[in-house]
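Each remark here refers to the structure printed beneath this line.
The values are calculated or read from the model by the stated rules, or taken from the named source; none is laboratory data. Here the structure is a predicted model, which means the values were calculated and not measured. A quick note on method: Cβ atoms are made from the backbone with ideal geometry, for glycine too, and the neighbour counts reach across all protein chains shown. Note: accessible area is taken over every heavy atom of the protein model, side chains too, but ligands, DNA and RNA are not part of it. Shrake-Rupley method; radii C 1.70, N 1.55, O 1.52, S 1.80 Å.
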Amino acid sequence: YMLSFEHVSKFILSDVSLHIPKGQVVGLIGDTGAGKTTLIKLASGLLKPEEGRVSVMGKDPEDNRSRYGTRLSVLITGTKLLEDGDSARSGLDMLRYTYAIPKEEYLQSYRELSDRFGFKGYENAKLKELSTGQRRRVELAAVCIMRPELVILDEPDVGLDEEGKQILEELVREQAREGVTYLITSHNMPEISNMCDRL
């Protein structure tokens, strides 16, 4: 499994078991406060379970967070992936250096993602000057620029307009066909049900 929870308990979560194989898109639906973000933080190694075991790509995520490199990409609502003072271009460039992404591969991905998410027209504006929807488009591109094997998205549709949601859905389905695994949380079932194999 790419992601596995075995009888995990932490805060509001109690005895959670979940197994996600490679290439599957799984949606996690729940109201605010139901524990979705706690589950995401457990999966990304930011929290340690009180009981049970979490495994990401066969390893303990807390002990191996720095070793996943570009294989794991996470977007957590309320946690900044890019700095306010960065632009789309400078923020994504910083990710290239941080994760040592080969230049040609990076430039090709950047072109594809800036076209797809439509932020070419504001790629040099500071993120703090963008609307919520514009910033979310850039953040989603940042998650994908590393070409990860496992993507964890916490409420990715927040602030996105209908076009942005459609772009996200198409990208997720396309990448899943290529073997990328997704865990996506939302409080809104209709918004994410079309892109998921399981809810």
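A few comments on the model shown:
- Measuring with a 1.4 angstrom probe and ignoring ligands and nucleic acids, Asp161 comes out at about 80 Å² accessible.
- Reach of Lys80 by Cα under 18 Å, taken over lysines that are not fewer than 8 positions away in the same chain: Lys36, Lys41, Lys126, Lys128
- On Cα atoms only, tilt of 132-144 relative to the major axis of the chain in degrees: 70
- In degrees, nearest ten, helix 88-98 long axis to first principal axis of the chain (Cα): 60
- The helix-only estimate of mean residue ellipticity at 222 nm for the chain, built from DSSP H runs of length n ≥ 4 each weighted as -39500 (n - 2.57), is -10500 deg cm²/dmol after division by the residue total.
- Length gained on full extension, Phe11 to Lys120, computed as 0.36 nm times the residue gap minus the Cα-Cα distance: 35.1 nm.
- R0 of 30 Å, Cβ-Cβ distance Ser90-Glu174: FRET efficiency to nearest 0.05: 0.65
- Just the protein heavy atoms count here, and of the accessible area of the chain at 1.4 Å, carbon and sulfur take up 46 percent.
- With both residues required to sit in the chain, DSSP beta bridges show an antiparallel share near 45%.
- Average Cα contact separation per residue, the chain, under 8 Å, 6 or more apart, as relative contact order %: 30
- Per residue, in Å², the accessible surface of segment 1-146 once ligands and nucleic acids are set aside, probe 1.4 Å: 50
- Within the chain, all pairs of alpha-carbon atoms sorted by distance into 10 Å bins from zero give the percentages 9, 36, 38, 16, 2.
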